[in-house]
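To start, the structure under review is shown below, and the notes come after it.
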Amino acid sequence: MNDALVNLNGRLVPGPEARISVFDRGFLFGDSVYEVLRTLQGRPLFWAEHVARLQASAGYLGLDLGGSPELLRARVDETLAAVPSAEKYLRVIVTRGEGDLSLTGAHGPATWVVIARPLTLLPESVYREGCALQTFRLPATDASGLDPRAKTGDKRLGVLAETAARQAGAYEGLRVAPDGRVLEGASSTFFWVRDGVVHTPPLGAGILAGITRAQVLRVLAETGMPFAEADLQVSDLPGAAEAFITSTVRGVLPVNRIDAHLYGPPGAVTLAVRAAYADAMARSVAE
């Protein structure tokens, strides 16, 4: 990307010139962990939460990050300062480093990559009108999907779901387990509203512990809006009154259609959740 700047192991490089070895395990095996962030008022949003998840992902994989959170923040701040825009998109990637072609051969040290570019948000019209989702039934051999205990570089199921959605004219794929349980979006967490109660699948269903998901559940509890973590069958989707997805960059994004079922413009509960989440964002960077 011509507008991206990359911090590669502490060295700032223009995006088109950034290179890693073909023997890097992140390239060979998807042996990497990563986080996607955005800034608000120039500061990384929910920074502590993202760093904690990065550390947890690395710990689960037995991947030595090879540096402290303070070093990571210093590299992030250096990279942000060099991107000439008010708000930025950030992707932090740590791989196990270079190795041979075997799964267990010598490797390392870790490769650190920080990618920063100007933040591009969806038009406000999308939030007023909502987006369309297309369900994507996971292959039985993948059970509920890739192991969600770590946010890794293996995104093939997301790619498959997103590709199928775009081919169907939808904005994003909605992953469905082989037994019909609704899980999560290709790159988002899924919420639905029924009888005034906000629902989302439980983590035990096999979904990623989303940072925005956790913040939305937190603001629901703080504001007294009823919510539940509960399974939903794909056949029950037409019975939901409202639906929305969440992610770091998009925040709370209303859904107006899933497959052929129309939900209409964003409902009152979705709008209230979006407003409460916006307040939480502002508090995060003010702390």
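The values are calculated or read from the model by the stated rules, or taken from the named source; none is laboratory data. Model, not experiment: these values are computed from the prediction. Note: ideal-geometry Cβ built from the backbone for every residue, glycine included; neighbour counts use all protein chains shown.
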Looking for whichever is surrounded by fewer than 19 Cβ atoms within 10 Å (Cβ to Cβ), under 28 Å from VAL176 (Cβ atoms) and among the small types (Gly, Ala, Ser) here; the options are ALA52, ALA86, ALA56, ALA82. Which one fits? ALA56
Under 6 Å between Cβ atoms, which residue pairs at least 6 apart in sequence (or on different chains) link something in the stretch 263-287 that is under 16 Å from ARG43 (Cβ atoms) with a partner that is of a type outside the set (D, E, K, R) and assigned to a helix (DSSP H, G or I)? ALA280/GLN215; ALA280/VAL219
Only one of (1) of a type outside the set (Phe, Trp, Tyr); (2) in a helix (DSSP H, G or I); (3) under 23 Å from the mean Cα position of the chain (by Cα) is not met by VAL33, so which one is it? (2)
Return a yes/no flag: does the stretch 179-190 have any residue that is closer than 25 Å to VAL92 by Cα, among the aromatic types (Phe, Trp, Tyr), at pLDDT 95 or above and not in a helix (DSSP H, G or I). yes
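Results for (1) surrounded by 16 or more Cβ atoms within 10 Å (Cβ to Cβ); (2) of a type outside the set (Ser, Thr, Tyr); (3) over 11 Å from THR189 (Cβ atoms); (4) in contact with a strand residue (DSSP E or B) (Cβ under 7 Å, 6 or more places away or on another chain), shown as yes or no for each residue.
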| residue | (1), (2), (3), (4) |
| --- | --- |
| ARG213 | yes, yes, no, yes |
| ALA221 | no, yes, yes, no |
| LEU232 | yes, yes, yes, yes |
| LEU237 | yes, yes, yes, yes |
| PHE244 | yes, yes, no, yes |
When the stretch 102-117 is checked residue by residue, the ones that are exposed (fewer than 14 other Cβ atoms within 10 Å of the Cβ) and outside any loop (DSSP other than H, G, I, E, B) are none
In this structure, is ALA209 crowded, with 17+ Cβ neighbours inside 10 Å and either at pLDDT 95 or above or in a helix (DSSP H, G or I) (or both)? no
With the requirement that a residue be surrounded by fewer than 19 Cβ atoms within 10 Å (Cβ to Cβ) and among the small types (Gly, Ala, Ser), what does the stretch 29-48 give you? GLY30, GLY42, ALA48
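So, ALA170, is that one in contact with a strand residue (DSSP E or B) (Cβ under 8 Å, 6 or more places away or on another chain), farther than 25 Å from LEU45 by Cβ, in contact (Cβ under 8 Å) with a residue 60 or more places away in the chain and part of a loop (DSSP other than H, G, I, E, B) or not?
Details: in contact with a strand residue (DSSP E or B) (Cβ under 8 Å, 6 or more places away or on another chain): yes; farther than 25 Å from LEU45 by Cβ: yes; in contact (Cβ under 8 Å) with a residue 60 or more places away in the chain: yes; part of a loop (DSSP other than H, G, I, E, B): yes.
It is true that ALA170 is in contact with a strand residue (DSSP E or B) (Cβ under 8 Å, 6 or more places away or on another chain), farther than 25 Å from LEU45 by Cβ, in contact (Cβ under 8 Å) with a residue 60 or more places away in the chain and part of a loop (DSSP other than H, G, I, E, B).
Kindly indicate whether any position in the stretch 215-235 is among the charged types (D, E, K, R), assigned to a helix (DSSP H, G or I) and assigned by TED's automatic domain parsing to the domain that holds ALA205. If you could, list the steps in order and put the result at the bottom.
Let us first name the residues in the stretch 215-235 that are among the charged types (D, E, K, R), namely 218, 222, 229, 231.
Cutting the leftovers down to assigned to a helix (DSSP H, G or I) gives us 218, 222.
Remaining after also requiring assigned by TED's automatic domain parsing to the domain that holds ALA205: 218, 222.
Yes, the stretch 215-235 contains a residue that is among the charged types (D, E, K, R), assigned to a helix (DSSP H, G or I) and assigned by TED's automatic domain parsing to the domain that holds ALA205.
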